[in-house]
Amino acid sequence: MHDVRFTGEDILARQLELAEANYRRLREKHVRAISVLGAIGSGKTTLVEQAIDRLQGRGLRVAAIAADSAGDDDHRRFIARGAKSVNVNTQDDCHLDAHRVDHALDELPLEDVDVLFIENVGNLICPADFPLGADAEVVVISVTEGDDMVRKHPKIFAQTDFVVVNKVDLAAAVGVDPKRIVGDYSAVNPHGKLFLTSLRRGEGLDELLNALGLGCTNTQW
Amino acid sequence: MHEYTVVDELIGALVPRLCEHPGRVRAVVVRKGELRILSDHALVSAFEILARGTRLEGAELVVETVATVVSCAACGYRGSTGRLVEEGDHFSIPVLSCPRCGSEVRVDAGRELYVDHVTLSDDSPADG
Ligand SMILES: Nc1nc2c(ncn2[C@@H]2O[C@H](COP(=O)(O)OP(=O)(O)OP(=O)(O)O)[C@@H](O)[C@H]2O)c(=O)[nH]1
Ligand SMILES: [Mg+2]
Ligand SMILES: [Zn+2]
Ligand SMILES: [Zn+2]
Ligand SMILES: [Zn+2]
């Protein structure tokens with residue numbers, strides 16, 4: 001028996017390199033990219049739609065990449081808001097990866113984009129291991145998934161710096177106390193930022209945009 | 001189930017690197033940072049399936065866990081983190097914050113995922 005030792009190159013090194021290449025490419029074109037992920041139906045598309053309205057209203061040029069396993073519903077919703085959008089079907093893959101984002105970027109006029117939203121496939125667990133090259137990642141969950149989401153997936157939330165807990169308008173109806181989610185999150189991630197939103201009522205989005213450096217008070221815009 | 005993607009990358013990268021190392025592959029030892037969202041069980045079963053028909057068929061995939069190490073720019077601390085232990089000890093996870101001063105930290109270890117070594121026996125695969 002003998003051992004062959006390796007130098008410790010990451011198994012997903014290709015993914016990491018591609019993500020870094022995307023990051024550099026977006027930087028060069030002065031595009032601010034926000035990756036949005038989270039469970040199915042939590043409100044990711046609604047969040048991006050409303051952010052598009054808000055940012056376009058301030059004269060920013062917004063684009064989106066809509067990833068779904070099949071179909072182009074989200075993509076159409078972004079187009080309807082006046083954003084440029086690219087649809088990506090991941091088919092059998094449960095997550096978007098940096099290579100697919102690279103191809104999607106080819107289809108966008110990056111010179112004419114200020115802010116890019118990348119909506120991942122509805123899936124909380126997978127995308128965490130697949131960086132895309134965005135400036136920030138936002139995980140969207142909703143109160144309808146119960147008040148134990150953070151406890152069920154502590155490792156994910158421990159590494160997610162922006163969390164949106166959406167549909168707080170339904171909290172009483174589904175018997176969920178959002179404060180419990182807030183407490184769990186600050187225990188696993190003392191430096192993270194959590195936003196309670198009701199996108200249906202248009203509540204909480206401005207605070208998130210501010211924290212992402214996309215608020216109306218952020219002077220770089 | 002992105003464990004399949006991971007194992008697919010692993011096999012694709014590893015097989016060519018073993019060309020100049022004859023012998024039967026007994027074990028592939030992977031080191032996985034504890035912050036990775038990957039199930040050991042799913043990695044092992046993905047390996048069993050995807051290794052079929054390759055040089056790695058029949059080898060055992062061993063997953064070793066690498067503990068989290070952080071460093072703090074504010075106070076100079078470097079080492080392990082505090083941990084959050086869930087009731088009933090179902091899990092214990094590292095809290096990414098400086099255990100000495102409470103500042104934000106940089107993660108130095110805990111996110112890696114690499115093949116550490118492969119154990120080969122000196123018989124040829126055909127020997128049964
Ligand atoms: N009550 C309530 N419903 C909401 C809220 N935000 C979004 N919804 C509804 O939740 C449903 C799903 O919203 P989407 O934005 O499509 O969710 P998604 O996360 O993009 O879904 P997938 O892309 O399919 O994973 C829609 O019917 C929205 O109208 C909210 O704050 N409150
Ligand atoms: Mg959607
Ligand atoms: Zn996946
Ligand atoms: Zn390609
Ligand atoms: Zn410190």
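Brief remarks on what is shown
- For region A:133-221, the helices (runs of 4 or more DSSP H) that sit wholly inside it and include 3 or more residues that are surrounded by fewer than 19 Cβ atoms within 10 Å (Cβ to Cβ) are A:171-174, A:178-188, A:205-211.
- Evaluating A:R77 against the criteria (1) surrounded by fewer than 22 Cβ atoms within 10 Å (Cβ to Cβ); (2) touching a residue at least 12 places away in the same chain (Cβ under 8 Å); (3) farther than 20 Å from A:G215 by Cβ; (4) away from ligand 1 (no atom under 13 Å from the Cβ) leaves one unmet condition, (4).
- Of the listed requirements (1) over 20 Å from A:G213 (Cα atoms); (2) more than 16 Å from ligand 1 (Cβ to nearest atom), A:V115 misses just one: (1).
- Look at (1) surrounded by 14 or more Cβ atoms within 10 Å (Cβ to Cβ); (2) touching a strand residue (DSSP E or B) at 6+ places or on another chain (Cβ under 9 Å) and you find that B:G102 fails only one, number (2).
- Test for A:G133: is it more than 18 Å from the chain's Cα centre (by Cα), more than 12 Å from ligand 1 (Cβ to nearest atom), more than 14 Å from every other protein chain (Cβ to nearest Cβ) and not charged (D, E, K, R): no
- Qualifying residues in region B:70-98 (those that are open to solvent by 40 Å² or more (accessible area, probe 1.4 Å), part of a strand (DSSP E or B) and more than 15 Å from A:Q159 (Cβ to Cβ)) - the one modelled with the highest pLDDT: B:R78
- Filtered residues of region A:96-120 (kept if within 14 Å of chain B (Cβ to nearest Cβ), touching a residue at least 60 places away in the same chain (Cβ under 8 Å) and either within 16 Å of ligand 2 (Cβ to nearest atom) or in contact with a Cys (Cβ under 7 Å, 6 or more places away or on another chain) (or both)): A:N120
- Selection status of A:A83, under 26 Å from A:F195 (Cα atoms) and open to solvent by 10 Å² or more (accessible area, probe 1.4 Å): no
- Of all residues in region A:183-207, those that are under 17 Å from A:R151 (Cβ atoms) have Cβ atoms under 7 Å from Cβ atoms of residues that are assigned to a helix (DSSP H, G or I) and of a type outside the set (F, W, Y), 6 or more apart or on another chain, in A:D184/A:V150; A:D184/A:R151; A:Y185/A:V150; A:V188/A:V150; A:V188/A:P154; A:V188/A:A158; A:N189/A:A158; A:L194/A:V182.
- Residue under evaluation A:T7, criteria (1) among the hydroxyl-bearing types (S, T, Y); (2) within 16 Å of A:F78 (Cα to Cα); (3) more than 16 Å from ligand 1 (Cβ to nearest atom), criterion not met: (2)
- Flag for B:G110 being touching a Gly at 6+ places or on another chain (Cβ under 7 Å) and either surrounded by fewer than 19 Cβ atoms within 10 Å (Cβ to Cβ) or within 12 Å of another protein chain (Cβ to nearest Cβ) (or both): yes
- Taking the listed residues B:S45, B:S39, B:S124, the one that is at pLDDT 95 or above and either open to solvent by 30 Å² or more (accessible area, probe 1.4 Å) or at positive phi (or both) is B:S45, with no other qualifying.
The values are calculated or read from the model by the stated rules, or taken from the named source; none is laboratory data. Since this is a predicted model, take the numbers as computed values, not measurements. All Cβ positions, even for glycine, are placed from backbone atoms using ideal geometry, and neighbour counts span all protein chains on display. Please note that ligands, DNA and RNA were not included when accessible areas were found on the heavy atoms of the full protein model with its side chains. Shrake-Rupley method; radii C 1.70, N 1.55, O 1.52, S 1.80 Å.
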